[in-house]
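Here is the structure we will look at, set down as C-alpha cells.
Rule-based calculations on the coordinates, nothing more; no lab input. This structure is a prediction, so every number in the text was calculated from the model and none was measured. Note that we place each Cβ from the backbone using ideal geometry, even for glycine, and neighbour counts take in every protein chain shown.
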Amino acid sequence: MSISGYPGIFQLVSQGKNSVIVESLLDKKRMPAFSSHKISTLEDIAVFTETRDVPLKEVLKNIYDKESGKECIDTKSDTEKLKAYFGEILPDYDKNRVYVSDIKKILSWYNILQKNNLLDFTEKPEETEENKENVTSEEEGASEKKAKAPVKKKAPAKPKATNMAAKGNVKAKGKGTSFSSKKGGE
C-alpha cells in the first residue's frame, strides 16, 4: 500500500484499535497508519492512458518483462530519459495527466518490490462452469448431511453487555471503531 506523505510502499502487519500497523519496505520500520492518512492499495491504483486506465499491476508486469525481472532505470535519471523509458513500457500513457513525479514513484515502487521479491504476476485460476458445478454439487451433498444430523437444543442466551454504540459513546466507522465524546445532549 501507499500512504500519502510517506516515501516508498508499506505492507500491512496488524490492525490496532483505531489504526493499522504497517511496515515500510524501504527500511523495515513499523508505524501506525490512521484513517486520516490517505492510504491506497497498489491494486486500486491505475495509470491514465489515451484510451483507458491501466491497472498498476499491468504496468509493473510490463517493466518486469522489459527488464527480465531485474531492477529498472534509476529514478534520478534525466526527466526526458524517464519519459522515454515509461513510453516504452506504456506507449499510450496520457502525457498530460501522468507527471514525471508519477513516473518516478511507479519506477521506485517497482524497484522496492523487486528487491523484496514481491513481484508475483501469476494469474489465479478463474472459475469455469465445470468448477462451479463441482462446488455446487459438493455444497448440496454437505447440506443433505446437515439435514440428516440430529438437532441440538440451544442453551438460553446469556444477557449481553451494554451496547456502547447505542449510548453514543462509540460510533462505528469502517472495520474498526472510533471513540467520540458526548457533547451537549447528543
| Approximate shape of region 45-115 as ellipsoid semi-axes (Cα gyration tensor, √5λ), whole Å, largest first | 17, 14, 10
| Cleavage-rule hits (trypsin sites (Lys or Arg not before Pro)) in region 59-122: DSSP loop, at most 15 neighbouring Cβ within 10 angstrom | LYS70, LYS76, LYS95, ARG97
| Chain lengthening between ALA46 and VAL13 when straightened (0.36 nm per residue, less Cα-Cα) | 9.5 nm
| Cα-Cα over 25 Å, subset of LYS61/LYS115; LYS83/LYS115; LYS38/LYS81 | LYS38/LYS81
| message | Which residues among region 40-61 fall inside the zone where the amide N is under 15 Å from a point 7 Å beyond the Cα of SER101, along Cα→Cβ? | response | none
| field | Anisotropy class of region 33-74 from Cα gyration tensor, a/c 1.5 cut | value | oblate
| Cβ-based exposure ranking for GLU71, GLU80, GLU123, in which fewest neighbours within 10 Å come first | GLU123, GLU80, GLU71
| query | Looking at region 1-32, which trypsin sites (Lys or Arg not before Pro) are DSSP coil and have at most 12 other C-beta atoms within 10 Å of their C-beta? | reply | LYS17, LYS28, LYS29
